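Accompanying notes for the structure given below.
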Amino acid sequence: MSLNNKLSLAIETSCDDTAISIAKNNKIIDEKISSSIFQHKKYGGVVPEIAARSHEQNIFNNLVYLFNKNNLSIKNLDKIFYTSTPGLPGSLHVGKSLAKSLTIVSQVKLIPLDHMMGHAFSFLLSHKVKVKFPIICVVISGGNTIIYLFYSYKKYKILNETLDDAIGEVLDKIGRELGWKYPGGINIDLNFNSKKINMKLINHSPVDQQISFSGFKTYVLNYINNQKQKKKKIDKVLIGSSSLYWLVNELKRKIDYYVTKYKISIVAFGGGVSANNYLRSVFKSNKKIKYLFPEKKYCGDNSSMLLAYGINSEKE
């Protein structure tokens, strides 16, 4: 194989997005993503069976599209990365099946990757920085709220993660209860008003305590339902803005604690909630620490983040 034509492939099918990315000589050159989100909207969340069937319909077409568009040959494949965990079992199976089929044909190295690692290092797609470990990576989405301490690309420990609900799930459920369309968290962010933060909220937990959002979610949902039962007017912006304010600042308190404890100078964010405008403004206002966010197009599930992590981790 010519070194000038060495190709790496990444397949991401953990949830409802079917994504494939290609790198040539370790430089990502293209990506194809198909989403089934519109099929899930009427149900207010992702339906696993619909997601898996969508992957089956799109995955091979996406692969063929990329190879034809870039005039590439499967003969030049060198490595294939795919999401092995975590995710919806049916969705993961579709991606794994294609990855294994391609390795049988091309006889190349097959490398399973943790989806969370892709999100943790998604900032690599948007920032040309030489990563000097240790760093803290924060993955925040509808399914996860995790604070990692990375000593290298492959060596890490989890400093804290939610005991129950993820921050994105809480925002989505509050948004839905307020009457905003799915995903509710995005609408809360779009309607955020810093002048409307005066709703009484539960106390913050000790900074060294494990993250938990379930109690907060229950408190806010009960508040909304009590207002509805009393037939009182509900200020959607007030409740939504206050909730987002509390959640972001609860997370910030935890992150600040670990930054000080481990003398960290770089904190990277990834996952769907890392696209949140208010969250970005809160952390970017601190000039003492370098906070790295991926471009918003890389905050959701995508295969390029997986490919970027895979390429860098394989160098270790």
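In table form, for the structure just shown:
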quantity	calculated
Cleavage-rule hits (trypsin sites (Lys or Arg not before Pro)) in region 130-235: DSSP loop, at most 16 neighbouring Cβ within 10 angstrom	130, 132, 154, 155, 181, 195, 200, 230, 231, 232, 233
Histogram of C-alpha separations across the chain, 10 Å bin width, %	6, 26, 31, 23, 11, 3, 0, 0
C-alpha long axis of helix 214-229 to longest principal axis of the chain, angle in °	50
Cα-Cα over 32 Å, subset of 27/284; 24/96; 32/196; 128/261	32/196
Karplus (6.51, -1.76, 1.60) ³J(HN,Hα), θ = phi - 60°, over region 135-141, in Hz, Gly and Pro reported as x	9, 9, 10, 10, 9, 10, 8
Calculated FRET efficiency for the pair residue 109/residue 212, C-beta based, R₀ 41 Å, to 0.05	0.50
Globularity ratio of region 63-107, using Cα Rg and 2.2 N^0.38 Å	1.27
Accessible carbon and sulfur surface of the chain relative to its total accessible area, %, 1.4 Å	50
Whole-angstrom Cα spans of region 241-290 along principal axes, big to small	31, 19, 17
Highest-fluctuation residue, 32, 296, 75 considered, GNM on the chain with Cα pairs under 10 Å	75
Base-10 log of normalised Debye intensity for region 1-57 (one unit scatterer per alpha-carbon) at q = 0.28, 0.29, 0.30 Å⁻¹	-1.03, -1.08, -1.12
Inter-site label distance for residue 191 and residue 71 at 7 Å from Cα along Cβ, in nm	5.2
Efficiency of FRET between residue 64 and residue 230 - r from beta-carbon atoms, R0 35 angstrom, step 0.05	0.05
Projected label distance in nm at residue 39 and residue 315, using a 7 Å step from Cα toward the beta-carbon	3.8
Placed amide H near residue 109: partners under 5 Å, 5+ positions off or other chain	80
Where only C-alpha atoms are counted, convex hull volume of region 1-155 per residue in Å³	124
Percent of Cα pairs exceeding the 25 Å cut-off, where the set is region 167-316	36
Amide H contacts under 5 Å for residue 29, placed H, 5+ residues apart	22, 23, 24
Table column - 3J(HN,Hα) (Hz), region 104-111, Karplus curve with 6.51, -1.76, 1.60, x for Gly and Pro	5, 6, 9, 6, 10, 6, 9, 10
Accessible area (Å², per residue) of the chain, counting only protein heavy atoms and a probe of 1.4 Å	48
Extended-chain gain in nm, criterion 0.36 nm per residue less alpha-carbon gap, residue 249 and residue 53	66.7 nm
Two-site label geometry, residue 101 and residue 205: point separation in nm, points 7 Å out along Cα→Cβ	4.4
Assigned charges on the beta-carbon of Lys, Arg, Asp, Glu; region 174-291 dipole about Cα centre (debye)	300
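The values are calculated or read from the model by the stated rules, or taken from the named source; none is laboratory data. Source: prediction; values computed, not measured. With ideal geometry, Cβ positions are generated from the backbone for all residues, glycine too; neighbour counts draw on all protein chains shown. Note: accessible area is taken over every heavy atom of the protein model, side chains too, but ligands, DNA and RNA are not part of it. Shrake-Rupley method; radii C 1.70, N 1.55, O 1.52, S 1.80 Å.
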